[in-house]
Amino acid sequence: MAKAFRFRLDRVLELRRLHAEMKKKELSQVRVELTRKQNAILQELIKLDQGKGVSRDLRMSSVDMTLLRMQEQYLNQLMRGVQRMHHGLQEDVLAEKQKLAELAEASKKVKVLERLREKKKAEYMLEMNREEQKFLDEVAQNMIRMSRGKKESVV
């Protein structure tokens, strides 16, 4: 009985698959953080827009200058916060691109080993078919010899 196909690098392939899965999870985490930051920026922009509306209303009415200055300081603070958040968002976009590249590289390494495994399996199957054919040929030759031997002993 022929032994079953065994790929020598199965353990390496499994490790590469695990590595690729880890990279997928890391990418997913970065994307979740990116979405969270985008939503936070959106909320701050909404506050900024509302604050500008309040400032506009204060300018149109008879206004207390102290109140108007406080409103402007609040808007400036919001704007600086949005700029900081936007900078952090840009860093996360770069991190996402890096994680995506790492995932692509890990996936490529997995595919290389999978193709090698398939090639080795095909070679193994071809060799097993050859051995089986060789065995069947020997059986057929033995049967022919035996039938010739019987014919000669009968004559």
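Hey, what angle do you get for helix 65-154 against the long axis of the chain, alpha-carbon based, 0 to 90 degrees rounded to 10? The angle comes out near 0 degrees.
Of the residues 138, 127, 72, the one that moves most in a GNM of the chain with alpha-carbon contacts below 10 Å is 138. Based on Cα atoms of the chain, Rg over Rh with Rh as the Kirkwood radius reads 1.61. Convex hull volume of the Cα atoms of segment 1-89, normalised per residue: 77 Å³. Given their separation in residues at 0.36 nm each and the Cα-Cα distance between them, residue 47 and residue 31 gain 3.3 nm when the chain is fully extended. For segment 7-60, the per residue solvent-accessible surface stands at 73 Å², with DNA, RNA and ligands left out and a 1.4 Å probe.
The C-alpha atoms of the chain define a longest principal axis, and helix 10-60 lies at about 20 degrees to it. Dividing the mean sequence gap of close Cα pairs (under 8 Å, 6+ apart) by how many residues the chain holds gives a relative contact order of 42 percent. When the C-alpha to C-alpha distance is required to be over 20 Å, the pairs from 47/97; 24/111; 23/108; 37/99; 23/97; 25/120 that qualify are 47/97; 25/120. The modelled label-to-label distance between residue 114 and residue 3, using points 7 Å beyond Cα along the C-beta direction, is 2.7 nm.
The values are calculated or read from the model by the stated rules, or taken from the named source; none is laboratory data. Because the structure is predicted, anything quoted here is derived from the model rather than measured. Note: ideal-geometry Cβ built from the backbone for every residue, glycine included; neighbour counts use all protein chains shown. Heads up: the accessible areas ignore ligands, DNA and RNA and are worked out on the full protein's heavy atoms, side chains in. Shrake-Rupley method; radii C 1.70, N 1.55, O 1.52, S 1.80 Å.
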